[in-house]
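Data first, discussion second: the structure below is written as structure tokens.
The values are calculated or read from the model by the stated rules, or taken from the named source; none is laboratory data. Keep in mind the model is a prediction, meaning the values are calculated, not measured. Ideal geometry is used to build each Cβ from the backbone, glycine not excepted, and the neighbour counts take in all protein chains shown.
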Amino acid sequence: MSDLESFRAETRQWLEANCPPEMRKPVKDESDVYWGGRNATFKNDAQKAWFEACRDKGYTVPEWPKEYGGAGLSPAEGKVLRQEMARIGARQPLSSFGIWMLGPALLHFGTEGQKKRFLNEIASGEIRWCQGYSEPGSGSDLVSMQTFGEDKGDHWVVNGQKIWTSYADEADWIFCLVRTDKQNKYQGITFMLFDMAGSGVSTKPIKLISGNSPFCETFFDDVEVPKSYGEDCPAYVGEINRGWDVAKYLLGHEREMISGAGGGDRTAAIGAAMKRNAGELDPVLRAELAQFDVDALAYSAMGEKFLDELKVGKAHPAQPNMMKYAGTELNKRRHELMMAAGGSRALEWESEETGGGKGARGWLRTKANSIEGGTSEVMLNVISKRILDLPGA
Amino acid sequence: MPLYYDDDQAMLAETAQQFMAEEGAIAKQLRHWRDRDCKDGFGHGLWKQFAEMGFTGMLVGEDDGGLGMGNVEAGIVLENIGRNLTPSPFLSSSVLAATALKHGSDDVRGRWLPGLIEGEKVYTVAIDEGAKHRPETIACKAEKSGNGFRLSGKKDFVVYGASSEMIVVAARTSGDDSDSDGITLFAVPQDADGMSHDSVRLVDSSMASHVTFDGVELDGDAVIGEVDGGRDVLNAMLMAGRVGAAAEGVGVAQGAMDMTIDYLKQRKQFGKLIGEFQALQHRAAHLYSEVEIARAVTIKAAQLLDGGSEKADFMASVAKAKVAKAAGLAVKEGVQMHGGIGMTDEYDIGLYMKRDRALQEFLGDQYYHAGRVAEMSGY
Ligand SMILES: Cc1cc2nc3c(=O)[nH]c(=O)nc-3n(C[C@H](O)[C@H](O)[C@H](O)COP(=O)(O)OP(=O)(O)OC[C@H]3O[C@@H](n4cnc5c(N)ncnc54)[C@H](O)[C@@H]3O)c2cc1C
């Protein structure tokens, strides 16, 4: 048996022994997702057991090095683990912006001290992070952001406002773009890390069209951010005034995550399930579903290729933009079709039969996919410029 | 007949536009009732005002006290309802139920029309059985019982059902579930014994019922039109309803588009108004084209219907399908071009998306109607 085959066999056994049956059922709503953090609670024992087993094995972040809380898996092993988890429908044991966004940036730009502390806190689910990028006047044109940190020697005093900060009201720490040089647009931003519990930070939830309020306005009112959290552990990632490089690198990972390239629900075909749920399908709708399934299955192959190439440095560095564009447009279409197949029942907003309008709320939520993390238009602009090298783009 | 509004229709359009923008505005109606968790889902005060404007009975013949107008005129009112997302029973009462009642006997018309015209009463229709609109199959049964009928079965997506004083129910009085003949329409009063509502709020904040008829006893005079001959009345009702829903959809598309074009002229990024980006300009221009086309086919269908053309049924399906596509595009582009703010409940653009979704389903979605277009074209 090759190493990889024996790894697969071991993994299968380990999952069999450690993944409770309840954790092999599809995620129904937000409460089924474990985000970690200081205030986190488990929905049930199965969720707790599954999380703890993965944490202890390094499987909350399987491909991170062991000293930072991961399992040190190679890309090939990581893929096997993903496949084996998908095979039994295992849920993610821990979801977080730390895993998807900050972690990769720290692995790339962080100091040893930062990695030891922050990566371990992320892997163990102790600290939950949120992302302070967008501001009211700076969305697509992110680099124009104005939140300002005044240099006071050993600390900054930060003032300003962020917006659309997902889960800011539930997060412990924020990774935040702060302007530290007003004269220099690109080279005047510092990528800061600080505790949201500190004085001067406040959040105000914003209600979404889906009726939920997972994002916030975040205000900084004379927030003191120390420049260092101890030896080899600065409060900023990369260099002072060079945070834009870190911000962009992180965005690549965010876009990869939102693209759904990693597989799962977002890339699956849906036609057969629609027929099971809704009965005989109208012929034109059936044709539309078939067209969708072709696109979804092809995209799923693209996702696999993209991740395989990304892990070994073969993907074009701007490829996550294409994946995000294609994946999110596909996901919006998926939910449009699910609504169509569900008919008038799927319109219900509060009824028990629909679990309080889960389908409709989920459908509305997907409309943000092509906005959050950079809009589809921005993705297309980046592709035109960085991949196609089009004139003037 | 030219495919634009004549002088009277243009005047009605102006009146309806002004009235709806003032009285039917989103803040005044949709948000007002939604935020109070109103169980009706619309305001009775506004319904009264509709009556004062002459809207409630506009399709009712002059002999019966109505205005004797046509579906083009009803479409004008509906387009403005769509633009302002005005919650009202106009489509279900004044278009669908009224069209059915026109086929009723003197007694039936005398019993139900005055309340509608005065804005005292609200009616609706019960057609769908199941989550998709498939009126070719009707299983809900009305069996002969004494001088009348016993009604049993279930209906879904009965818009404003629980608030309606009367429901026009399409039921089977003979034949098999999928037979074309053997349908009879009944006017079932709200207080009928054995009728129960499971009333649910929908994504657009409107209300709809799953209605159960458990041996509801109906007099012979509850019948609208001929016993077993209801398919023609049902079809007339469906045509009017579909053309009406299309007109409302045009309004939803126009309202969403207007908001979006405004936003493109206000929001700045990269030191420019986002409307300066050609990527958005072309999409806005494309959307405009689609909405214009959708309106044209909707008025065309309404004119054919008012002229009694046998092409009306076909064109009603073309219109319903085309509007679904155009309005779907308008609300999707609307949210997307607003960026993050488009996802917030505070901003109105998302309300357009929700209303569009409900309207898409009502009386057949774009897939159903595209299928009909194929069938009626012989392929
Ligand atoms: C659900 C959700 C969660 C989010 N979570 C976070 C978070 O946790 N942290 C965070 O910092 N931000 C978050 N965001 C914000 C998100 O990153 C921004 O909304 C996004 O970058 C767009 O910015 P904007 O909303 O200001 O839209 P704008 O930039 O104002 O865009 C408006 C429209 O103009 C278009 N446009 C802009 N520029 C161009 C151009 N040059 N060419 C063509 N079209 C253009 C856009 O594509 C869009 O359609 C979240 C957003 C959503 C919806």
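Among the listed residues B:GLU333, B:GLU346, B:GLU310, identify the single one that is within 14 Å of chain A (Cβ to nearest Cβ) and either hydroxyl-bearing (Ser, Thr, Tyr) or not in a helix (DSSP H, G or I) (or both). Full working, then the answer.
Numbers: B:GLU333 fails: either hydroxyl-bearing (Ser, Thr, Tyr) or not in a helix (DSSP H, G or I) (or both); B:GLU310 fails: within 14 Å of chain A (Cβ to nearest Cβ).
Only one candidate qualifies: B:GLU346.
Could you please let me know if A:SER6 is modelled with pLDDT under 95 and of a type outside the set (A, V, I, L, M)? For A:SER6, the condition - modelled with pLDDT under 95 and of a type outside the set (A, V, I, L, M) - is not met.
Out of everything in region B:268-290 that is within 14 Å of chain A (Cβ to nearest Cβ) and under 34 Å from the mean Cα position of the chain (by Cα), what residue ends up being nearest to the ligand (Cβ to nearest atom)? Spell out the reasoning first.
Initial filter on region B:268-290 (within 14 Å of chain A (Cβ to nearest Cβ)): B:268-284.
From the residues that got through so far, the ones that are under 34 Å from the mean Cα position of the chain (by Cα) too are B:275, B:280-284.
On the way: B:GLY275: 9, B:LEU280: 5, B:GLN281: 9, B:HIS282: 10, B:ARG283: 9, B:ALA284: 11 Å.
So, considering only residues that are within 14 Å of chain A (Cβ to nearest Cβ) and under 34 Å from the mean Cα position of the chain (by Cα), the one nearest to the ligand (Cβ to nearest atom) is B:LEU280.
Residue by residue, here is whether (1) at pLDDT 95 or above; (2) touching a helix residue (DSSP H, G or I) at 6+ places or on another chain (Cβ under 8 Å) holds:
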site	(1), (2)
A:HIS335	yes, yes
A:MET338	yes, yes
A:GLY355	no, no
A:LEU364	yes, yes
A:ASN369	yes, yes
A:GLY374	yes, yes
A:SER384	yes, no
A:LEU388	yes, no
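Of all the criteria given as (1) within 13 Å of the ligand (Cβ to nearest atom); (2) at pLDDT below 95; (3) of a type outside the set (Val, Ile, Thr), the one not satisfied by A:ALA168 is (2).
Residues in region A:284-292 include none that are touching a His at 6+ places or on another chain (Cβ under 8 Å) and buried (at least 20 other Cβ atoms within 10 Å of the Cβ). The number of residues in region A:116-137 being within 19 Å of A:TYR236 (Cα to Cα), of a type outside the set (Phe, Trp, Tyr) and part of a loop (DSSP other than H, G, I, E, B) comes to 3.
Applying a threshold of 6 Å to beta carbon distances and a minimum spacing of six or more residues, or different chains, the list of pairs starting in region B:192-210 at a residue that is of a type in the set (Ser, Thr, Tyr) and ending at one that is surrounded by fewer than 22 Cβ atoms within 10 Å (Cβ to Cβ) and not in a strand (DSSP E or B) reads B:SER199/B:ALA162; B:SER205/B:ARG34; B:SER209/B:ALA162. Residues in region A:363-390 that are part of a helix (DSSP H, G or I) and either surrounded by fewer than 18 Cβ atoms within 10 Å (Cβ to Cβ) or facing chain B (nearest Cβ under 9 Å) (or both): A:TRP363, A:LEU364, A:ARG365, A:SER376, A:GLU377, A:LEU380, A:ASN381, A:SER384, A:LYS385, A:ARG386, A:ILE387. Which condition number in (1) of a type outside the set (Asp, Glu); (2) within 16 Å of the ligand (Cβ to nearest atom); (3) without any contact (Cβ under 8 Å) to a residue 60 or more places away in the chain; (4) buried (at least 22 other Cβ atoms within 10 Å of the Cβ) is the one that B:ILE341 fails? Just one mismatch for B:ILE341, condition (4). In the set (1) of a type in the set (Gly, Ala, Ser); (2) in a strand (DSSP E or B); (3) buried (at least 19 other Cβ atoms within 10 Å of the Cβ), A:SER140 fails one condition alone, (2).
Applying the condition of being surrounded by 19 or more Cβ atoms within 10 Å (Cβ to Cβ) and either over 17 Å from A:MET339 (Cβ atoms) or within 14 Å of another protein chain (Cβ to nearest Cβ) (or both) to region A:263-280 and asking which residue is farthest from the chain's Cα centre (by Cα) yields A:ALA278.
Could you check region A:101-156 and list, in sequence order, the residues that are farther than 13 Å from A:TYR68 by Cβ, of a type in the set (Phe, Trp, Tyr) and more than 16 Å from the ligand (Cβ to nearest atom)? Correct list: A:PHE109, A:PHE148, A:TRP156.
Just to be sure I understand, how many residues within region B:189-226 are of a type in the set (A, V, I, L, M, F, W, C) and either assigned by TED's automatic domain parsing to the domain that holds B:ASP106 or over 20 Å from the mean Cα position of the chain (by Cα) (or both)? Steps first, please.
So in region B:189-226, the residues of a type in the set (A, V, I, L, M, F, W, C) come out as B:192, B:195, B:200, B:202-203, B:207-208, B:211, B:213, B:216, B:218, B:222-224.
Checking the rest, the ones that are also either assigned by TED's automatic domain parsing to the domain that holds B:ASP106 or over 20 Å from the mean Cα position of the chain (by Cα) (or both) come to B:192, B:195, B:213, B:216, B:218, B:222-224.
Qualifying residue count, region B:189-226: 8.
Hey, does region B:73-93 have a residue that's surrounded by fewer than 18 Cβ atoms within 10 Å (Cβ to Cβ) and out of contact with any helix residue (DSSP H, G or I) (no Cβ under 6 Å at 6 or more places or on another chain)? The answer is no; no qualifying residue exists.
Those residues that are closer than 23 Å to A:SER376 by Cβ and either touching an Asp or Glu at 6+ places or on another chain (Cβ under 6 Å) or within 14 Å of chain B (Cβ to nearest Cβ) (or both), I need them from region A:281-303; list them, please. Quick ask: steps written out before the conclusion?
At the first step, the residues of region A:281-303 found to be closer than 23 Å to A:SER376 by Cβ are A:288-289, A:291-303.
Listed by number, the residues that qualify are A:GLU288, A:LEU289, A:GLN291, A:PHE292.
Residues in region B:263-285 that are touching a residue at least 40 places away in the same chain (Cβ under 8 Å) and assigned to a helix (DSSP H, G or I): B:TYR263, B:LEU264, B:ILE274, B:LEU280, B:ARG283, B:ALA284.
Within region B:321-328, is there a residue that is aliphatic (A, V, I, L, M), surrounded by fewer than 22 Cβ atoms within 10 Å (Cβ to Cβ) and part of a helix (DSSP H, G or I)?
Within region B:321-328, the subset aliphatic (A, V, I, L, M) is B:321, B:323-324, B:326-327.
Subsequent filtering for residues that are surrounded by fewer than 22 Cβ atoms within 10 Å (Cβ to Cβ) retains none.
No, every residue in region B:321-328 fails to be aliphatic (A, V, I, L, M), surrounded by fewer than 22 Cβ atoms within 10 Å (Cβ to Cβ) and part of a helix (DSSP H, G or I).
Could you list, in sequence order, the residues of region B:102-119 that are out of contact with any Ser or Thr (no Cβ under 9 Å at 6 or more places or on another chain) and farther than 22 Å from B:LEU304 by Cβ? Spell out how you get there, then give the answer.
We begin by selecting, within region B:102-119, every residue out of contact with any Ser or Thr (no Cβ under 9 Å at 6 or more places or on another chain); these are B:102-115.
Scanning region B:102-119 gives B:GLY104, B:SER105, B:ASP106, B:ASP107, B:VAL108, B:ARG109, B:GLY110, B:ARG111, B:TRP112, B:LEU113, B:PRO114, B:GLY115.
Of the residues A:SER96, A:SER138, the single one that is within 21 Å of A:GLU256 (Cβ to Cβ) and among the polar types (S, T, N, Q) is A:SER96.
Scanning for something over 30 Å from A:ALA360 (Cβ atoms) and within 21 Å of the chain's Cα centre (by Cα), does region A:1-19 turn up at least one residue? Step through it out loud before you land on a result.
Kept after step one, since they are over 30 Å from A:ALA360 (Cβ atoms), are these residues of region A:1-19: A:1-19.
Narrowing further to those that are within 21 Å of the chain's Cα centre (by Cα): none.
No: zero hits.
How many residues does region B:360-379 hold that are assigned to a helix (DSSP H, G or I), touching a helix residue (DSSP H, G or I) at 6+ places or on another chain (Cβ under 8 Å) and within 10 Å of another protein chain (Cβ to nearest Cβ)?
Of region B:360-379, the ones assigned to a helix (DSSP H, G or I) are B:360-361, B:366-376.
Still in the running and touching a helix residue (DSSP H, G or I) at 6+ places or on another chain (Cβ under 8 Å): B:360-361, B:366-374, B:376.
Subsequent filtering for residues that are within 10 Å of another protein chain (Cβ to nearest Cβ) retains B:360-361, B:366-374.
Matching residues across region B:360-379 total 11.
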